[in-house]
1. Can you give me the ranges of the helices (runs of 4 or more DSSP H) entirely in the stretch B:209-300 with at least 3 residues that are in contact (Cβ under 8 Å) with a residue 12 or more places away in the chain and touching a Ser or Thr at 6+ places or on another chain (Cβ under 9 Å)?
2. Tell me yes or no: at least one residue of the stretch A:237-249 is within 11 Å of another protein chain (Cβ to nearest Cβ), farther than 20 Å from A:Ala44 by Cβ and within 22 Å of the chain's Cα centre (by Cα).
3. Could you go through the stretch A:219-239 and let me know if any residue there is more than 26 Å from A:Lys23 (Cβ to Cβ), part of a loop (DSSP other than H, G, I, E, B) and open to solvent by 20 Å² or more (accessible area, probe 1.4 Å).
4. Any chance you could count how many residues in the stretch B:148-160 are small (Gly, Ala, Ser) and open to solvent by 10 Å² or more (accessible area, probe 1.4 Å)?
5. Filter the stretch A:263-293 down to the residues that are surrounded by fewer than 20 Cβ atoms within 10 Å (Cβ to Cβ) and without any contact (Cβ under 8 Å) to a residue 60 or more places away in the chain and list them by number.
6. Report, by residue number, each residue of the stretch A:155-189 that is small (Gly, Ala, Ser) and within 21 Å of A:Pro242 (Cα to Cα).
7. For the stretch B:1-22, enumerate the residues that are in contact (Cβ under 8 Å) with a residue 24 or more places away in the chain and within 27 Å of the chain's Cα centre (by Cα).
Amino acid sequence: METSPLPAKRASRVGSFLSLVRKNKEALVGAVIVGIFFVTAIVAEIANVFGIQITPYSPLQQDVGPVLAAPSISHIFGTDLLGRDVFSRIIVATPNDVAVGISVVGVALLVGVIIGSIAAFRGGLLDEFLMRFTDVIFALPVLVIAMVIAVTLGPGVTHMMVALMIIWWPPYARLARGEALKVSHQNYIDSARLSGAGTWKIITKHVVPNISVTMLVYATLDIGTVILLYAGLSYLGLSVSPPFPDWGEMVSSYQDYLIVSPWLPIIPGLVIATGVIGFSLLGDGIRDALLAS
Amino acid sequence: MNLLSYVLRRLLFASFVLLAVVTITFVLSHNLGGNVIVAWLGKTASLHPQLAQLYAEKYHLNDPVLVQYYYYVLGLLQGNLGFSPSRGFIPVLTVISQTLPLTLQIVFFAFVISLGLGALLGVVSARYGHTKIDGGIRAFYLAGYASPPFFIALVLLIVFAYGFKLLPSGGAFDPSVQQPTLITGIPLIDSLIEGNWAYFVSGIRHAILPSLALALVTFGVVTRVLRSSLLEVMHMNYIRTARARGLDENTVFYKHALRNALIPVVTLSSIILTWLITGTIFVENVFAYPGMGQYVVHALLAQDYPGILGTTIVFALVIVIGNLAADLLYVVVDPQIRLG
């Protein structure tokens, strides 16, 4: 069935899509920012696993420099009250934030596609039940619910991840259902049905590949939002336990030194904002490129 | 009749959402510190055996789960949210009645600024679509949207409170001014009714920075949606007709295009409201503003479970009521729902 010209055609489509993204300056900036965050996260995590120090100073060691030093060549983001190097602390915190962003969005994508396409293809009462359930979860105030779930589980990065995963999927289910409904009217779905394929096979073989692009664009935009929310929970002291650093936690513990060393809380805040902007620009850019192609 | 069924459907939905929140808090309250009583009296529950016993009897805490659930919901309907250890064991409801009005004040101002600034920039953005002005506005709202609320709050604090010394850095009012007597419960309104200008001015001055911090995070959604909806509307046939009738461009833009383009903005108000209310948790903490957001953070730090669960329910209630109001407002502005 698969004819040989198809992969080539697909490759050229991917190529023209990439060139469209490349032409879009905003998407390019976004891709660069996201790239830097990813590479930093991966390198920092690998280094952590093997116990290699890649940061200029040990992130946890105190008095590696003068206390509350302003940014300089030896400490580009300055030092905190305990004389720890802020730049090193920011680098080692990167894997947490990136991992939470990707895994929460990944799980939401999976759960959303399953619920949304089952609702669209089964229809009837099951559809009604699944979508009303989705509506109710969607209407819950995310941060507040994540907060109480997190309090019950106790602080910790994994617990935060789980708390967010429990409530993050509803928009994905809605989007997937809408897209799956559009696909369900296509002729190839009818022919798959006629050839005796069951709902599950139709969903995995025909629906998922056809709705994946829309879903992935939404997911890209969404990773930034999850990072923002995680930073909030971390700011509230629900993620890492001291002395291990996290961006949100750094802002909250450094905000007491706002008058003496304003850069201390400002720098981790800027890092969070830059990451979120990166994902937004990339997501917007991919969407524009898709609309154009 | 359609209108009635729409309103009834929304009301039914709102009660489902509240029921979901209450069920979640009920389930979670059973998983705190190994004992349900901890969810009502906090970690130090064992220090108050008499109170604990009273609670166990009143809320049937030794009975089957379903019976407990019934009494839990009944208790909530009667306003019982437990006692707050982080506030010296006064009822959570009392703490909320003191803090919620202050939070609502800044949420109200933030909502107004958010819609006003958002709409203004959306209009300018669409008017000068695809120019440098449009690009500048996009950069501004992207930065706002991408920044955590606590970060924007810190920047405002540095610039306006510590830098230019224009506005106070914390609190809800100047402690030296006389507080208004309780009339409506909302201090700013009460001080207006009483003619207590000193408090009113002080209250407004203390509310500006927290409200602005919240608004800077949310206005971008309004700008973005209004811009694209305006650009879309400008291609519609009725706009061409209006132009063909010889109306000048300003009349076409503001009288014909803007009115219709504003409809999608109204649907956004419920999202914005949710963001603003949850944003208070961070912003109030930065500005030491004694509202419900600051209470949650204190409760979190002190592991004050009754405070955390109680504020969760009240936050959800406020958000559900706000969303309901936005849904009803939508009926007013969009004739398609009214007639359709």
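1. Here the list reads B:263-286.
2. Checked against the condition, which is being within 11 Å of another protein chain (Cβ to nearest Cβ), farther than 20 Å from A:Ala44 by Cβ and within 22 Å of the chain's Cα centre (by Cα), the stretch A:237-249 yields at least one hit.
3. There is at least one residue in the stretch A:219-239 that is more than 26 Å from A:Lys23 (Cβ to Cβ), part of a loop (DSSP other than H, G, I, E, B) and open to solvent by 20 Å² or more (accessible area, probe 1.4 Å).
4. 0
5. Across the stretch A:263-293, the qualifying residues are A:Ile266, A:Leu270, A:Leu291.
6. Matches in the stretch A:155-189: A:Gly156, A:Ala163.
7. Narrowing the stretch B:1-22 to residues in contact (Cβ under 8 Å) with a residue 24 or more places away in the chain: B:2-3, B:6-7, B:10-11, B:14, B:17-18, B:21-22.
Hits for the stretch B:1-22 are B:Leu3, B:Tyr6, B:Val7, B:Arg10, B:Leu11, B:Ala14, B:Val17, B:Leu18, B:Val21, B:Val22.
Listed here are the residues, each with its yes/no results for (1) in contact with a His (Cβ under 8 Å, 6 or more places away or on another chain); (2) acidic (Asp, Glu); (3) within 14 Å of another protein chain (Cβ to nearest Cβ); (4) more than 23 Å from B:Leu142 (Cβ to Cβ).
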site: B:Arg240; (1), (2), (3), (4): no, no, no, yes
site: B:Arg245; (1), (2), (3), (4): no, no, no, yes
site: B:Arg259; (1), (2), (3), (4): no, no, no, yes
site: B:Pro264; (1), (2), (3), (4): no, no, no, no
site: B:Gly279; (1), (2), (3), (4): no, no, yes, no
site: B:Ala302; (1), (2), (3), (4): no, no, yes, yes
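The values are calculated or read from the model by the stated rules, or taken from the named source; none is laboratory data. Keep in mind it's a predicted model, so treat the numbers as computed, not measured. Every residue, glycine as well, gets a Cβ built from its backbone with ideal geometry; the counts of neighbours run over all protein chains shown. When the accessible area is computed, the model is the full protein with side chains, heavy atoms only, and any ligands, DNA or RNA have been set aside. Shrake-Rupley method; radii C 1.70, N 1.55, O 1.52, S 1.80 Å.
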